[in-house]
Structures are given as structure tokens and as C-alpha cells.
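Please treat every number below as a calculation from the coordinates, not as lab data. On a predicted model such as this, the values are computed, not experimentally measured, just so you know. Here Cβ is always computed from backbone atoms with ideal geometry, including for glycine, and neighbour counts include all displayed protein chains.
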Amino acid sequence: MKISILVLAFIIQPMVLFGQNNSNFNLLETDSTWNQETFHFPIPFAPEIKFEGFEDARFPEFWAYKDNSDFWSYVFVWSINNPMELTTNTLESNIEMYFNGLMNYQNSVALFYKKETSSNVTKYVGKLKTFDALVTKTSMTLNVTAEYFNCEKNLKTYIVFRFSPQKFGTNIWNKLENVKLRIDFCDI
């Protein structure tokens, strides 16, 4: 029990140091069991990412418990000032920088491919190989989806990421897909 409390304290400490809760940054809709953290760019642990804007991250209640189906499953959105074109290379390099900084690990590898494009969203699917410096202290592979929205109305780009070590199609992915970008995100 003491070890679990210490692990949880280790996980929460960086979030408290780096995160900022502010209701003005609620881009994702979740129920009250999800935890929220927000970060302004440049993100303190990944200053190499050269965006302006912020991140709204949401974590299910038991994401830090390795024996729970929520383990390492979470959603975040990047709100990026000034519309940008997104390529798979840009997506991969920025997620690699993000996880290299988050995990204090320099060998994260992300691979994405474009799944589909409609008039207002481009969807990507991929995998991220990194190191879990927070809980298990071992290598891990996260499945990931990304949705890219470009809003001319407010001159912003939004990228919604969903991560889980579990296979696509499992129950956790239903839970992650229920976390939605606010319907009025282009008005913010």
C-alpha cells in the first residue's frame, strides 16, 4: 500500500508542478471521474515543440494502476494558435519530442498513417514505442489515434490524441472515444 501511495505521489507531483487547471481551457468533454491537466506551450517538459497555445489533457480515474484497464489510457487535445498543415512526419516528430520529455527518455518512436479525411477532420492511427518512467519503469507501446481539425474561424488548429496500451476495439477505446472535443471548439 505504501508503495502504491508513493507511486501515485510520483505521478501527481509533475502534474502539479507543470499543470495548470483553468476552466477557460476546457476543450474536452468528460464525466466528473476524469482528471484534467492543462499546459501552455512551450510545455515545460517538451520545450522543443514550437507551438503557441495549450494542451487540455484528461485521465481516467485509474490510469496509473497497471492492473486496471484504464492503465496508461488518456486523451489530450492541442489547441495551436495559427492554422497549420499537418503531415505524418510533423505528427510523429512532435509526439516523439513530447514523450521523450515526459519520460526523460530520448528514444521514443512514433509511427502514424492517415486513416481518413473528411471536410473538417483528418484522422490518423499509429503506435508509439517509449519508456514508462512513471509506473512500470519498462518499455511500452501505446496505440494512438489523432484527429486534426483546422478552424479558419478562430485561426487555430486542434489535434485530439487518444492513447492506450490496449488493442483497438477493446472496452477502453470505447471509453476514450466518448471523450469528445467541445462542439463549439471553433468559437473559442
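The table for this structure:
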quantity	calculated
Helix axis angle, 2-18 relative to the chain longest principal axis, alpha carbon, degrees	30 degrees
Positive minus negative residues near Thr130 (Lys, Arg vs Asp, Glu; Cβ under 14 Å)	0
Dipole of the chain [Lys/Arg +1, Asp/Glu -1 at C-beta], most positive-end residue of Leu111, Ile80, Thr157	Leu111
Efficiency of FRET between Met84 and Glu48 - r from beta-carbon atoms, R0 25 angstrom, step 0.05	0.95
Asp184-His40 pseudo-label distance in nm [points 7 Å out on the Cα-to-Cβ vector]	2.4 nm
Whole-number percent relative contact order across the chain, with pairs defined as alpha carbons under 8 Å at least 6 apart	19 percent
Unit charges on C-beta of K, R, D, E only; dipole of segment 119-179, Debye	120 debye
Sequence-separation-based contact order of segment 90-188, relative, with Cα cut under 8 Å and 6+ spacing, percent	17 percent
With Cα atoms, 0 to 90° folded angle of helix 88-103 axis to the chain main axis	30 degrees
Mean residue ellipticity (222 nm) of the chain, computed from DSSP H runs ≥ 4 via -39,500 (n - 2.57), nearest 500	-7000 deg cm²/dmol
